[in-house]
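Visitor: One structure is given below, represented as structure tokens, and several questions about it will come after.
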Amino acid sequence: MPRVIAPSMLSADFGNLDRDCRMVNRSVAGWFHLDVMDGIFVPNISFGFPVCKAIARVAQKPLDAHLMIIEPWTYVERFAQLGVQYLSFHYEACNDRRLKSTIRLVRDCGMGVGVAINPETPAENLIPWLRMLDYVVVMGVHPGYSGQKYIPETTEKVGVLAEMIAAQGADCFIEVDGGVSTANIAELERLGAGVFVAGSAAFSAANPIAAIKALKTAK
Ligand code: DX5
Ligand code: ZN
């Protein structure tokens, strides 16, 4: 797949959300990434439906919601109603039964379904699920905050996962979330990742449009 940059709206300026959404529309970004946190699954609270709705109203590109919440199945339908196209939830928030039923629910609601794994969760845990998924989100940081340092072991994990996906002939792409920068994006892509979430690398730059372009073209 062509490299997709998904700016994380968690790093946007919420006082200028409309402006920042329009910036993403004008940029070479492929998707909007929405980080939803509940203060329980992760030690931070971000935003919920009203903010997602405000973004959805302006966004002219697919919305990729990343639920860092407990009991994610409870809210799947509401994200679908907002017009979210891709929805990921955490492996660590589910037992096997819930994982299976939530994957089905997301798919039945018409969205692409992804499962995210924390840095300490081995890629191998996803072996039984890969054929049911549209994507896997490999966390490059501990979920909860943007602007953290990239965990270098993530790179190898992406390679392992790509091999597992190929071995199963699964139709599943890899998204890397957290700590993505022009310094690691090309290597992650070479190993098999296709979608790259960018929080601080996009929004902390003086010129976010140029920063997103730099991520898109970095070699
Ligand atoms: C972390 C979030 C990420 C994060 C990315 O909990 O899922 O999407 O905001 O931010 P950066 O790119 O700054 O690591
Ligand atoms: Zn995220």
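Visitor: Starting from residues that are in contact with an Asp or Glu (Cβ under 8 Å, 6 or more places away or on another chain) and within 15 Å of ligand 2 (Cβ to nearest atom), keep the ones in the range 17-40 and report whichever is most open to solvent (accessible area, probe 1.4 Å). Steps first, please.
Guide: Going residue by residue through the range 17-40, those that are in contact with an Asp or Glu (Cβ under 8 Å, 6 or more places away or on another chain) are 19-20, 31-34.
If we keep only those that are within 15 Å of ligand 2 (Cβ to nearest atom) too, we end up with 31-34.
Details: Trp31: 17, Phe32: 0, His33: 0, Leu34: 0 Å².
Across the range 17-40, the extreme among qualifying residues is Trp31.
Visitor: Quick check: anything in the range 197-218 at pLDDT 95 or above and in a strand (DSSP E or B)?
Guide: The initial filter retains those residues of the range 197-218 that are at pLDDT 95 or above, namely 197-218.
Now narrow it down to the ones that are in a strand (DSSP E or B): 197-198.
Yes, there is a match, as at least one residue in the range 197-218 is at pLDDT 95 or above and in a strand (DSSP E or B).
Visitor: Hey, another quick one. Would you call Pro50 outside any helix (DSSP H, G or I), out of contact with any Phe, Trp or Tyr (no Cβ under 8 Å at 6 or more places or on another chain) and either open to solvent by 20 Å² or more (accessible area, probe 1.4 Å) or over 18 Å from Gln85 (Cα atoms) (or both)?
Guide: Working: outside any helix (DSSP H, G or I): no; out of contact with any Phe, Trp or Tyr (no Cβ under 8 Å at 6 or more places or on another chain): yes; either open to solvent by 20 Å² or more (accessible area, probe 1.4 Å) or over 18 Å from Gln85 (Cα atoms) (or both): yes.
So Pro50 fails the test.
Visitor: Any residue that is touching a residue at least 40 places away in the same chain (Cβ under 8 Å), more than 16 Å from ligand 2 (Cβ to nearest atom), out of contact with any Gly (no Cβ under 9 Å at 6 or more places or on another chain) and outside any loop (DSSP other than H, G, I, E, B) - is there at least one of those in the range 55-70?
Guide: Yes; the residues of the range 55-70 include at least one that is touching a residue at least 40 places away in the same chain (Cβ under 8 Å), more than 16 Å from ligand 2 (Cβ to nearest atom), out of contact with any Gly (no Cβ under 9 Å at 6 or more places or on another chain) and outside any loop (DSSP other than H, G, I, E, B).
Visitor: Which condition does Glu124 not pass, out of (1) open to solvent by less than 60 Å² (accessible area, probe 1.4 Å); (2) away from ligand 1 (no atom under 16 Å from the Cβ); (3) in contact (Cβ under 8 Å) with a residue 40 or more places away in the chain, if it passes all the others?
Guide: (1)
Visitor: Would you check which residues across the range 145-173 are of a type outside the set (Phe, Trp, Tyr) and within 14 Å of ligand 2 (Cβ to nearest atom) and list them? Spell out the reasoning first.
Guide: In the first step, residues of the range 145-173 are kept if they are of a type outside the set (Phe, Trp, Tyr); the result is 146-149, 151-172.
Ser146, Gly147, Gln148, Thr154, listed by residue number.
Visitor: When residues of the range 170-219 are filtered for being open to solvent by 30 Å² or more (accessible area, probe 1.4 Å), more than 15 Å from ligand 1 (Cβ to nearest atom) and touching a residue at least 12 places away in the same chain (Cβ under 8 Å), how many remain?
Guide: 9
Visitor: Given Asp35, Asp64, Asp18, which one is within 14 Å of ligand 1 (Cβ to nearest atom) and more than 23 Å from Ser101 (Cβ to Cβ)? Break it down stepwise before answering.
Guide: On the way: Asp64 fails: more than 23 Å from Ser101 (Cβ to Cβ); Asp18 fails: within 14 Å of ligand 1 (Cβ to nearest atom).
One residue alone meets the criteria, Asp35.
Visitor: Something else now. In this structure, does Met1 turn out to be at pLDDT below 95, within 22 Å of Gly112 (Cα to Cα) and surrounded by fewer than 22 Cβ atoms within 10 Å (Cβ to Cβ)? Let's see the steps before the verdict.
Guide: On the way: at pLDDT below 95: yes; within 22 Å of Gly112 (Cα to Cα): yes; surrounded by fewer than 22 Cβ atoms within 10 Å (Cβ to Cβ): yes.
The answer is yes for Met1.
The values are calculated or read from the model by the stated rules, or taken from the named source; none is laboratory data. As the structure is a prediction and not an experimental result, all values here were calculated from the model. Heads up, the Cβs are rebuilt from the backbone with ideal geometry, glycines too, and the neighbour counts pull from every protein chain shown. All accessible areas refer to the heavy atoms of the entire protein, side chains included, with ligands and DNA or RNA removed. Shrake-Rupley method; radii C 1.70, N 1.55, O 1.52, S 1.80 Å.
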